[in-house]
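Only one structure is covered here, and it is reproduced in the block below.
The values are calculated or read from the model by the stated rules, or taken from the named source; none is laboratory data. Remember, predicted model here, so these are calculated numbers, not experimental data. As a convention, Cβ positions derive from the backbone with ideal geometry for all residues, glycine included, and neighbour counts pool all protein chains shown.
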Amino acid sequence: MSQDRDPPSALVEPPAWLRSGAPSAVLAALPGSRAVGGAVRDSLAGRPVHDVDVAAPLPPEAIAARLREAGLKVFETGLQHGTVTAVLNHEPVEVTSLRRDLATDGRHATVTWTEDWREDAARRDFTINALSMDAEGRLWDYFGGREDLAAGRVRFVGDAAKRLAEDYLRLLRFFRFQARYGIGEPDPVAMAAIRAAVPGLARLSAERVWMELKRLLEAPDPVPALELMGQAGVLAAVLPEARPLAPLSRLGEADPLLRFAVLLGAGGPEAIAADGVIRRLRLSGEEGKRLRLLLAGPPPDPALEGADLRRWLADTAPRAALDAAFAAEARDGRDRGALRARIAATPAPVFPLQGRDAVALGIPPGPELGRALAVVRRWWWEGGCTASAECCRARLKHFAPG
């Protein structure tokens, strides 16, 4: 059974998420287990709890066996790291064995199982993430995380330089948590250690860097944390293409990819070419497509309306058009609220002909068919995108043989 030299730090009313559903069933199936990390942190901060993680002083195979005996579905999602996912009524709970590090290389850790809760908590990144709570509401706080949470202080567990050397992704995680939980000036010890550890960022995979950047950009206001990243040399190391942050402060949308595009100059004449960033950070195909649209083309005129607006929408997907309006407003400060309303109220015009219409008129498939459709579409577009399918077919007849 677990070895815990420390009594609980406090006794609180067990929160509702701990008394019902999958978390309650998991804790009941694993005597001595506790909820850990983000769920405990957010519950104490009075924030919504989304994902619940549980730790137990048992090897992963024993955890899986006990959960199955209790009637839960078990998926071995990370068995080599000591983690399984328990599911009850479609509600997942990630369950991990207590661990201690045998070796770390700045990216990965080799771990073994332990029964010592303090030892497990000591390997976590920040004090506010090293909290644990059992089903009765007993709270364990080995490193002052509850006090740090109340003070808005993001502080590394133990030696900051050592925590960073174990996993350099923690440099980026620090700023994400600072954006969400930090109040006032950041912890000076953490900032000093981060400045010294910046070269270690080069060891991280592009996917992990992009994941953390996105999570930071999802924060209610990421700009102060980004400013701190700039001061510490972190922003230049992971995103040397970043432009001045002032436009990001004016952006009225919390969409992380839109924020990322504005950070890269979207909506202004100095926007970068998207392809280099997409390749380097390995954005998904959908993310890359949207970023290219955001970083291409001139910003829309706030007065755009009527035929000009229809022509623009015929060449720009509605979401991309709204993106462009938001980005341009953030970049040049010109209000485009009325333009956004017109975009939302104007159906995107769709050219009414397809290849089969040309074939039906006797135009054989091939390059000539494509050129004929392109000429008619240009005529339709120049006329304000209002000509009917019948009018467009009449125009297309001029290209039919005979």
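Brief remarks follow.
- Selection count where residues are surrounded by fewer than 17 Cβ atoms within 10 Å (Cβ to Cβ) and not in a helix (DSSP H, G or I), scope segment 198-222: 4
- Of the residues contained in segment 328-346, one or more are found to be more than 30 Å from residue 246 (Cα to Cα) and surrounded by 12 or more Cβ atoms within 10 Å (Cβ to Cβ).
- Restricting attention to segment 1-36 and to residues that are touching a Ser or Thr at 6+ places or on another chain (Cβ under 8 Å) and within 14 Å of residue 96 (Cα to Cα), the residue that is surrounded by the fewest Cβ atoms within 10 Å (Cβ to Cβ) turns out to be 32.
- Test: residue in segment 192-205 that is within 18 Å of the chain's Cα centre (by Cα) and more than 14 Å from residue 179 (Cβ to Cβ): yes
- As a summary of the residue check, residue 148 satisfies the conditions (1) modelled with pLDDT of 95 or more; (2) more than 24 Å from residue 22 (Cα to Cα); (3) in a strand (DSSP E or B) except for the one numbered (3).
- Of residues in segment 381-402 being modelled with pLDDT of 95 or more and in a loop (DSSP other than H, G, I, E, B), the one farthest from residue 311 (Cα to Cα): 388
Conditions tested, residue by residue: (1) modelled with pLDDT under 95; (2) crowded, with 21+ Cβ neighbours inside 10 Å; (3) touching a Ser or Thr at 6+ places or on another chain (Cβ under 7 Å).
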site	(1), (2), (3)
245	yes, no, no
252	yes, no, no
255	yes, no, no
259	no, yes, no
270	yes, no, no
280	no, no, no
283	no, yes, no
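- Selection of segment 181-197 for residues being assigned to a helix (DSSP H, G or I) and crowded, with 19+ Cβ neighbours inside 10 Å yields 181, 190, 193, 194, 197.
- Residue in segment 301-327 that is modelled with the highest pLDDT, counting only those that are within 30 Å of the chain's Cα centre (by Cα) and surrounded by fewer than 15 Cβ atoms within 10 Å (Cβ to Cβ): 315
- Hey, residue 231 within 26 Å of residue 47 (Cβ to Cβ), out of contact with any strand residue (DSSP E or B) (no Cβ under 6 Å at 6 or more places or on another chain) and of a type in the set (S, T, N, Q) or not: no
- Residue identified as of a type in the set (Lys, Arg), in contact (Cβ under 8 Å) with a residue 40 or more places away in the chain and out of contact with any Ser or Thr (no Cβ under 9 Å at 6 or more places or on another chain) among 138, 124: 124
- Where a residue in segment 385-402 is at negative phi and touching a residue at least 40 places away in the same chain (Cβ under 8 Å) and its partner, wherever it lies, is of a type outside the set (Val, Ile, Thr) and assigned to a helix (DSSP H, G or I), with Cβ under 7 Å and at least six apart: 392/380; 393/357; 396/357; 396/358; 396/372; 399/372
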